[in-house]
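What follows is one structure encoded as structure tokens, with my remarks underneath.
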Amino acid sequence: MVTCKDFLRELGEYLDESTDPELRAELDRHINECPNCWVVLDTTKKTINIYKGLEAQPLPERLRARLMEAVAKKIGSASNGHDC
Amino acid sequence: MPSEPAAGNVAGADVASGEVLLVERARQGDAEAFSALISKYERRVYRMARQITQNDEDAEDVLQDTFLKAYEHLPSFQGQSKFYTWLTRIAVNESLMKLRKRKSDRTVSLDENIETDEESIVREIAVWDGTPEERYGQEELRAILDEAIQSLKPIFRTVFVLRDVEEMSTEETAEMLGLSIAAVKSRLLRARLQLREKLTRIFKRKGDQILGYV
């Protein structure tokens with residue numbers, strides 16, 4: 001029988017869907033019967049999804065200009081090197 | 001509907017082959033192609049560097065150094081991994097170097113021994129009040145998530161960022177960080193649970209706490 005401790009230990013594999021089917025069925029049974037573990041599973045999933053869903057913001061213009069300038073310089077020096 | 005995944009795969013293949021061509025052109029010194037690759041990935045590289053280093057100045061350096069190194073080493077990129085995975089590897093190395101430099105008095109170790117069990121991390125057991133994305137403005141939510149991730153030790157947040165934000169595989173993460181698969185898995189679980197704990201304290205429905213694990 002799966003305990004809360006077992007469930008927490010297996011939670012990572014469960015979330016990544018890498019538990020074997022037999023164990024997964026037992027974990028599913030436990031979640032249905034244990035409100036604590038259900039809440040932990042639900043809030044952990046939400047935690048992952050909220051980070052995943054956050055879009056990367058555009059770079060500040062100043063930073064982008066600095067980056068492009070450095071790259072242009074690098075490309076310029078590399079092509080000059082080839083020419084030599 | 002069977003036609004949908006097929007169409008998706010075709011579209012995905014087009015995007016992938018488009019990128020392969022772009023990388024190939026950049027390898028041959030096409031500056032425009034390399035600029036297109038920068039435009040495609042600059043946001044993600046900068047976000048990853050900020051999340052790992054937790055320092056704007058360091059993240060800016062990491063962003064720049066990552067693309068300069070990528071350009072320099074592009075001829076050795078064999079195309080065995082995706083371009084973004086290769087780029088991530090460079091960005092992670094640069095970020096970790098910054099972390100180590102900043103904490104020169106304390107070694108930033110990615111493989112220190114972690115003996116806490118999962119139960120000790122789980123204290124707040126409460127459902128969340130609605131959807132945080134709807135309850136908070138973008139900026140406010142971003143600040144909450146930044147603060148939560150900032151409070152994690154570098155070992156935890158680096159693994160979390162690579163696996164759950166950048167969606168690298170466990171194997172790729174292990175290889176990038178020089179950790180075993182088991183170490184990545186255990187760090188990821190602890191990172192997820194620690195973040196869950198911190199966010200639950202903020203997002204929980206008040207007066208709705210269920211008994212915690214004893």
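For the stretch A:40-52, a tally of residues being buried (at least 18 other Cβ atoms within 10 Å of the Cβ) and either more than 7 Å from chain B (Cβ to nearest Cβ) or modelled with pLDDT under 95 (or both) returns 1.
The test for being assigned to a helix (DSSP H, G or I) and under 18 Å from A:LEU15 (Cα atoms) holds for B:ARG163.
Give the residue, chosen from A:GLU55, A:GLU61, A:GLU22, that is at pLDDT below 95 and at negative phi. Walk me through how you get there before you give the answer.
On the way: A:GLU61 fails: at pLDDT below 95; A:GLU22 fails: at pLDDT below 95.
On inspection, the qualifying residue turns out to be A:GLU55.
Tally time: how many residues in the stretch B:170-182 are surrounded by 19 or more Cβ atoms within 10 Å (Cβ to Cβ), out of contact with any Lys or Arg (no Cβ under 6 Å at 6 or more places or on another chain) and more than 10 Å from every other protein chain (Cβ to nearest Cβ)?
Just the residues of the stretch B:170-182 that are surrounded by 19 or more Cβ atoms within 10 Å (Cβ to Cβ), to begin with: B:170, B:172-174, B:176-177, B:179.
This time we only want the ones that are out of contact with any Lys or Arg (no Cβ under 6 Å at 6 or more places or on another chain), so: B:170, B:172, B:174, B:177, B:179.
Among the residues that remain, those that are also more than 10 Å from every other protein chain (Cβ to nearest Cβ) are: B:172, B:174, B:177, B:179.
So the answer is 4.
Restricting B:LEU152, B:LEU189 to those that are at the interface with chain A (Cβ under 9 Å from one of its Cβ atoms), in contact with a helix residue (DSSP H, G or I) (Cβ under 8 Å, 6 or more places away or on another chain) and of a type in the set (A, V, I, L, M, F, W, C) reduces the list to B:LEU189.
With respect to B:GLY29, determine if the residue is at pLDDT below 90, surrounded by fewer than 20 Cβ atoms within 10 Å (Cβ to Cβ) and more than 14 Å from chain A (Cβ to nearest Cβ).
On the way: at pLDDT below 90: yes; surrounded by fewer than 20 Cβ atoms within 10 Å (Cβ to Cβ): yes; more than 14 Å from chain A (Cβ to nearest Cβ): no.
Here the answer is no, as B:GLY29 does not meet what is asked.
The residues on offer are B:GLU119, B:GLU140, and the sole one that is more than 29 Å from B:ARG89 (Cβ to Cβ), more than 16 Å from the chain's Cα centre (by Cα), open to solvent by 40 Å² or more (accessible area, probe 1.4 Å) and within 8 Å of chain A (Cβ to nearest Cβ) is B:GLU119. Picking from residues in the stretch A:1-23 that are more than 10 Å from every other protein chain (Cβ to nearest Cβ) and outside any helix (DSSP H, G or I), the one that is farthest from B:GLU171 (Cα to Cα) is A:MET1. Counting the residues of the stretch B:66-86 that are open to solvent by 10 Å² or more (accessible area, probe 1.4 Å) and at the interface with chain A (Cβ under 9 Å from one of its Cβ atoms) gives 3.
Is one or more of the residues making up the stretch A:4-18 over 22 Å from the mean Cα position of the chain (by Cα) and loosely packed, with under 15 Cβ neighbours inside 10 Å?
Yes, the conditions are met somewhere in the stretch A:4-18.
A:ILE31 meets all of the listed conditions (1) more than 10 Å from chain B (Cβ to nearest Cβ); (2) under 30 Å from B:ARG123 (Cβ atoms); (3) open to solvent by 30 Å² or more (accessible area, probe 1.4 Å) but one, namely (3). In the stretch A:24-44, the residues that are assigned to a helix (DSSP H, G or I) form Cβ pairs under 8 Å with partners that are basic (Lys, Arg), at six or more places apart or across chains, as follows: A:VAL40/B:ARG196; A:THR43/B:ARG196; A:THR44/B:ARG192; A:THR44/B:ARG196.
Does A:ARG64 satisfy the criteria of being part of a helix (DSSP H, G or I), within 9 Å of another protein chain (Cβ to nearest Cβ) and over 30 Å from B:ILE38 (Cα atoms)? Working first, answer last.
Numbers: part of a helix (DSSP H, G or I): yes; within 9 Å of another protein chain (Cβ to nearest Cβ): yes; over 30 Å from B:ILE38 (Cα atoms): no.
It is false that A:ARG64 is part of a helix (DSSP H, G or I), within 9 Å of another protein chain (Cβ to nearest Cβ) and over 30 Å from B:ILE38 (Cα atoms).
In the set A:LEU54, A:LEU27, only one residue is of a type outside the set (D, E, K, R) and under 30 Å from B:ASP58 (Cα atoms); that residue is A:LEU54.
Consider the stretch B:43-65 and keep the residues that are in contact with a helix residue (DSSP H, G or I) (Cβ under 9 Å, 6 or more places away or on another chain) and within 7 Å of chain A (Cβ to nearest Cβ). The one that is surrounded by the most Cβ atoms within 10 Å (Cβ to Cβ) is B:LEU63.
The values are calculated or read from the model by the stated rules, or taken from the named source; none is laboratory data. These figures come from a predicted structure and were not determined experimentally. No Cβ is skipped: glycine too gets one built from the backbone with ideal geometry, and neighbour counts run over all protein chains shown. Quick note on the areas: whole protein, heavy atoms, side chains included, nothing else; ligands and nucleic acids left out. Shrake-Rupley method; radii C 1.70, N 1.55, O 1.52, S 1.80 Å.
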